1. Expected output is a single nm value to one decimal: the length gained when fully extending between residue 297 and residue 341, i.e. 0.36 nm times separation in residues minus the C-alpha distance. What is it?
2. Please work out how much length the chain gains when fully extended from residue 409 to residue 84, using 0.36 nm per residue of separation minus the C-alpha to C-alpha distance, in nm with one decimal.
3. 5 Å is the cut-off here: which amide hydrogens, built 1.01 Å from N in the peptide plane, fall below it relative to residue 627, excluding neighbours closer than 5 in sequence?
4. I need the peptides 96-107, 294-305 ranked by packing, meaning the mean over residues of other C-beta atoms within 10 angstrom, with the highest value on top.
5. When the accessible area of region 110-216 is split by element with a 1.4 Å probe, what percent falls to carbon and sulfur?
6. Stick to Cα atoms and the Kirkwood definition of Rh, then tell me Rg/Rh for region 184-229.
7. If you take the Cα Rg of region 426-505 and divide it by 2.2 N^0.38 Å, with N the number of residues, what do you get?
8. Stretch residue 234-residue 521 to full length: gain in nm at 0.36 nm per residue minus the Cα-Cα span?
Amino acid sequence: MSLLCKFVRTSMVLHTRPRSLCFNASQRCYIEAYILQTSQLTRRKIVINLKHFKRFSSDALKVRVPESAKSTNKIKNSKNNEFRRLFMLAAPQKWRLVGAITFLIISSTVTMAVPFCLGKIIDIIYKNDENETRENLNKVCLALLGIFLFGGVCNFGRVYLMSTTGHKITQSLRKKAYGAILSQETAMFDKVSTGELVGRLSGDAQLVSYAVTSNISDGLRSGIMTVAGISMMFYVSPQLALVGLSIVPPVAGMGILYGRFVRNISKDVQNSLASLNTTAEEKISNIRTVKAFAQETNEIEIYRTKLQDLLQLCYKESFYRGIFFGLTGLSGNVIILSVLYYGGCMLSDSAISVGSLSAFLLYAAYVGISMGGLSSFYSELNKALGASTRLFELIDRKPSIPIEGGKILDRELLGDIVFKNVSFSYPTRSDFMVLNDFNLHIPKNSNTAVVGPSGSGKSTLASLLLRLYDPITGSVLLDGHDLRELDPFWVKKQIGFVSQEPILFNGTIRENITYGSKDASEDDLLEVAEQANVLEFVQRMTDGFDTHVGERGITLSGGQRQRIAIARALIKKPKILILDEATSALDAESEKLVQEALENATKGRSVLIIAHRLSTIRTADAIAALDGGRVRESGTYDELMALPNGLFRKLVKHQTFG
């Protein structure tokens, strides 16, 4: 008998093992033998010693939670966190919300008193004594009028407080989202379109704020009315209440399933809208290019296709919405029909009065309407969850390159720049190395020009020096300090930058020039305007420096925009100046004047010139010729031209600087 029990125990151990633990025949024999040998020990030692199992299955004994279970828990936790965070948005406005909810409770109470009072009025009317009926009717109606007026005032307070709170939350959300967008590193903008970011900033923020204010208010009102209505139904007639509410559990279950569908579809709709906004924003902002290539019809067709995709998603949402509200409406009608039938039977048996039945029917109707309101509340809440996920992803994203924070030198910057063993590729083209083990030294107060064929990495040097990107390997040193250790805000204050394609903002000429130095004086403005040859055309304008330049400076010529961009760089009085072919858009006369101004402006500064034209580099202290992401040649203009088969000589011959 004892031996039989031992084998039974052995079998139990083997059958209750984790499913991930599999034994072959020899392993099973080993376990059986081991348990039999230890069966004489105390009960505590009968448990299998894990050390013995290691000899044949060290990994198999790890009891792992099934992946599906982990995934389910993760989704539940994520959804709970999203709900919690969604409601935490309203925390700063808690006192306004408390006031609104107080008004809500009062106004809902007044509303729910109507059926009860109506039932009493009906019972008063059905009394035989006409004098007593009229007297009681006057008293009840006057009291109700006062109550209804008070309820109307409370309803106004509820709507006003909820609406203004919604506006405050929208403002706060947009401020956070806008701050988060501008704080991101440049690499993110290479991957995410402008239209999508604007969509999150406007549409998603509005949807989320509505969900935690007006939608919550409507949901609470419906909830209070549902609870109060059901309570009064049981108070008036428990039998009728049980008959009428028998349909509620299946409707509630159906509502939960519907909410899940709506949440997923809402995310798809928001993403589709973002894509649509991207297309519209990109084409409208470049409308001149579209018209120049006669692509209006094609662009309209592309937009129509994307609209059709969005419409299909909206059809899908409408389909589920129609099913849900159709079934809830049918359920409400079934409740009314069952109450009418059963109530009629009770009325014929004198088990209920006409007034009580009328009050019960009104309460049933209120409950039905309120349950519809709850389903709408749940639907809108799930839509907001879909939008909030996208919004919080953006707000929570930590930029890989901060906008500020780091070391600030306690002395004046000298401007000594070293690119040391730098390798770099753009995030959107990670398989193509733009710079490969790149080395370059720009001494302080020197004028260094960089030339090379298109795609050799010239403009990338400016991006790395401005720390719009960080190198993959190697480092960029500024006065011997790694740029990654220095405060980015302080570094950019020391650098003036003029790009090949100047971008102006929709404002005045004055606002564009002083963009990087808001504390600049009028004298500073006039000085840089003269240096950059801006005064020459500003003085001919009626409004002078207060002339509006239009979107992206579209009302100005290319040369005028370039000169304003040069003035914007100079007004900062930078220690380092980056000129990405700053004279490329100028005519011959303006180029000569600006070139002279730049020669004066570059004195006492470290200058990196990214050259595309021969005239720009003749006076440079040093020239570096790039090819394949490396410096192939370096020296003065005359030294490089002296090389018979040199890269620079070929570039000059063919004028192929990029």
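The values are calculated or read from the model by the stated rules, or taken from the named source; none is laboratory data. Here the structure is a predicted model, which is why all the values come from computation and not from measurement. Methodologically, a virtual Cβ is constructed for each residue, glycine included, from the backbone with ideal geometry; neighbour enumeration extends over all protein chains shown. Surface accessibility is based on the protein's heavy atoms, side chains included, excluding ligands, DNA and RNA. Shrake-Rupley method; radii C 1.70, N 1.55, O 1.52, S 1.80 Å.
1. 9.5 nm
2. 112.6 nm
3. When sequence neighbours closer than 5 places are left aside, the close amide H contacts are 632.
4. Listed from highest to lowest mean packing, they are 96-107, 294-305.
5. Values: 3650 of 5850 Å².
Carbon-and-sulfur percentage of accessible area, whole number: 62.
6. Details: Rg = 18.0 Å, Rh = 13.2 Å.
That ratio is 1.37, to two decimals.
7. Values: Rg = 13.5 Å, N = 80, 2.2 N^0.38 = 11.6 Å.
Here the Cα radius of gyration is 1.16 times the empirical estimate.
8. The span from residue 234 to residue 521 would gain 95.6 nm if fully extended.
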